[in-house]
Structure formats: C-alpha cells, structure tokens
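Comments concern the structure below.
The values are calculated or read from the model by the stated rules, or taken from the named source; none is laboratory data. Computed from a predicted model, the values in this text were never measured in an experiment. Reconstructed Cβ throughout: ideal geometry from the backbone, glycine too, with neighbour counts over all protein chains shown. Side chains are part of the model used for accessible areas, which takes the heavy atoms of the whole protein and leaves out ligands, DNA and RNA. Shrake-Rupley method; radii C 1.70, N 1.55, O 1.52, S 1.80 Å.
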Amino acid sequence: MTAEIIHGKQIAQDIRAELQQEVAALVAKGIRPGLGVILVGSDPASTSYVTAKEKACEEIGIYSDDNRLPAETTQEELLAKVAEMNADPKINGILVQLPLPKHIDEAAVLMAIDPSKDVDGFHPVNVGKMVVGEKAFLPCTPHGVIQMLLRSGVETSGAHAVVVGRSNIVGKPVANMLVQKQKGGDATVTVCHTRTRDLAGHVRQADIVIAAAGRPNTITADMVKPGAVVIDVGVNRIEDASKKSGFRLVGDVDFDAVAEVASKITPVPGGVGPMTITMLLWNTVESAKQANGLA
Ligand code: NAP
C-alpha cells in the first residue's frame, strides 16, 4: 500500500478534545451547551445512533435531554415536543433522529425546528445560508469530510473534486462546501450520479474523489488518478461468514486496490463515520456560543 491513511477516528478525537475545552470555558461562564434528542420508536440502528450521540455529549460536558417516544406518537405530539424544545433556553440544539415512522411527515418536523437550533443543518434556512456562503450550521457528515481534508493537509483550492452521489445529506452539501470561496473550498467540482455518462472518465480526472454512492466497489483502482485523495463516505453491509454477526462494513471504494494508487485514503470503518457525531457536537457548542452572544 502506498497511500497514507486519513484516520477519521483520530481527527474526531482531536476535535472532541478541543470542544471539551470550549465547553469547560463556557461552563465556567455559567453556560452549559444542551442538546435535545428525540427518538420516536425503537428501531435498533436508530437507538444505537441516539445512544452514541448522548454518550458523546456526556463525554465532552454537553447536557443532553433524552426523549424516547413510543412509535405511535402522533405528528401533533412530536411537533409539540419540538416547540417545547424551541422555547427551552437550556436546549441549544435539537436532534430528531431519522427515519421517523411512516405516519409522520419528516419534512414538516424538520421545518418546525428553530433554524438557530438546527444542529443537523437540514433546515432550508441553514441550507440556503450555506449555499450563499453565509455562516450556517453545516450538515454534519459533509462538514466532517471538509474537516478531514483540512486537518490532513489536503489543498482543495484549485483542485478538481469529483463527488459521486447527489443526496441532500451528503453529495449536494459536500459539493457546495467544496465550491465555496473559502478555506476547505475553492475547488472545481463535478457531481456524478446514476445518470452520469462515463463515471470512470470523470473520476479519473479527480484530484480529490468523494465517494457517497452507498454501493460497494463503486470506485475501483483503474478509475483513480495516481496521487489522488480518496474520501469514502459509503457504509455498506456485506455478508461475511467469518464474522459472528454474519456481515462486515465496507465503503464505496475498493480500498486495498485503490490504496496502491491514491496518495491519501480514508478507511471504512474508522474514516468519515466518527466525524459525523463530532460535527453535531461542534454545531451544538457553536449554537450555545451564538445564543449567548459569544460567536
Ligand atoms: P443516497 O441518498 O442513497 O444517495 C446515493 C447517491 O449516490 C445518489 O445520488 C445516487 O444517484 C448515487 N449513486 C448510487 N449508485 C451510483 C453509481 N453506481 N454511480 C453513480 N452514482 C451513484 O445515500 P446517502 O444518504 O447520500 O449516503 C451515501 C452513502 O454514505 C451510504 O452508504 C450511507 O450509508 C453513507 N453515509 C455515511 C455517513 C457517515 O456518517 N459516514 C453519513 C451519511 C451517509 P441518483 O441520485 O441518481 O439515485
């Protein structure tokens, strides 16, 4: 292997240590950042995400207000809970764990969150601010990708970045951040999706590849320009009889082969994954500072 590994786990730990200090300084001023967490139902994956988020809050000193609501919660009840948190000065960030049960209109719930507490960065007000380059809560996974590039010394300015995927939570926002006139931006950006003709031809031109397709082996070694930086956002379960669980997690990139060609690469797991919760904590601390006139 020739590529240097970008260890998301380590970068996430470094950022959490910085945030812990910031939280301690805020607490010394009588301000404890607070995250309101709402989980509707008991989906095992969602439950484990929410538990991990609450544990991460606790570790760095953020207060977390845990609300586990039954699956039959009505939309009105959920909206009332969001309204209560919007009005609660102890809560600086509101996280509604997705997906919501089918009888609840997800968009209506996300729209009801006060944009100044939208630490997931999904509210159209924050999306709009991000697009026009104003200060905004940035969505956590794409912001995590940008931080990984910045903190591992990858120059985005003038680079050709090819993003594979155009979802609202990863592909579109990461493409947007990369094109902004700022540090971690100033790239020339191509966005690919399932209608793209000649995906390999586009990826081959990239100095930076961001893979967010949700499909194993989307990026193979023959598609990568020697020396390119490859960030793998994908998380896919594939069967593996040698594992007790019967599966293992892989990204969208054929890691072993691409690592022979790329200059830097992120692993799965241990790459982008640990950054997502970290950036949620970042936004919550930022929100607490803003609410107290400190940012
Ligand atoms: P998504 O909503 O399913 O979007 C996937 C995108 O990839 C779509 O735009 C799709 O194109 C495109 N795509 C799929 N197959 C393709 C192919 N063969 N060639 C070109 N484009 C292709 O997924 P997502 O929510 O963005 O997530 C993407 C991956 O990141 C998933 O594996 C997800 O689990 C992972 N993820 C990880 C984290 C983390 O914390 N690490 C966070 C979020 C997501 P169309 O639009 O044309 O369908």
| request: Identify all residues within the range 271-293 that are open to solvent by 40 Å² or more (accessible area, probe 1.4 Å) and either more than 18 Å from Asp88 (Cα to Cα) or near the ligand (Cβ under 10 Å from one of its atoms) (or both); write none if there are none. | output: Gly273, Thr276, Trp282
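Out of Ser116, Ser167, which single residue is among the polar types (S, T, N, Q), surrounded by fewer than 19 Cβ atoms within 10 Å (Cβ to Cβ) and away from the ligand (no atom under 16 Å from the Cβ)? Reasoning before the result, please.
Working: Ser167 fails: away from the ligand (no atom under 16 Å from the Cβ).
Result: Ser116 is the single residue among Ser116, Ser167 that is among the polar types (S, T, N, Q), surrounded by fewer than 19 Cβ atoms within 10 Å (Cβ to Cβ) and away from the ligand (no atom under 16 Å from the Cβ).
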| note | Within the range 132-160, the residues that are under 17 Å from the mean Cα position of the chain (by Cα), in a helix (DSSP H, G or I) and free of Cβ contacts under 8 Å to residues at least 60 places away in the same chain are Pro142, Ile146, Leu150
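Tell me which residues, restricted to the range 204-228, are under 18 Å from Asn176 (Cα atoms) and of a type in the set (A, V, I, L, M, F, W, C). Walk me through how you get there before you give the answer.
Here is the first cut: in the range 204-228, the ones under 18 Å from Asn176 (Cα atoms) are 206-213.
Hits for the range 204-228 are Ala206, Ile208, Val209, Ile210, Ala211, Ala212, Ala213.
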| Among (1) surrounded by 16 or more Cβ atoms within 10 Å (Cβ to Cβ); (2) touching a helix residue (DSSP H, G or I) at 6+ places or on another chain (Cβ under 9 Å); (3) over 17 Å from Gly271 (Cβ atoms), which single condition is Pro99 missing? | (1)
| field | Residue tally, condition in contact (Cβ under 8 Å) with a residue 40 or more places away in the chain and buried (at least 18 other Cβ atoms within 10 Å of the Cβ), over the range 62-96 | value | 11
| message | Being open to solvent by 90 Å² or more (accessible area, probe 1.4 Å) and more than 14 Å from the ligand (Cβ to nearest atom) is the filter here; which residues of the range 183-202 pass it? | response | Lys183
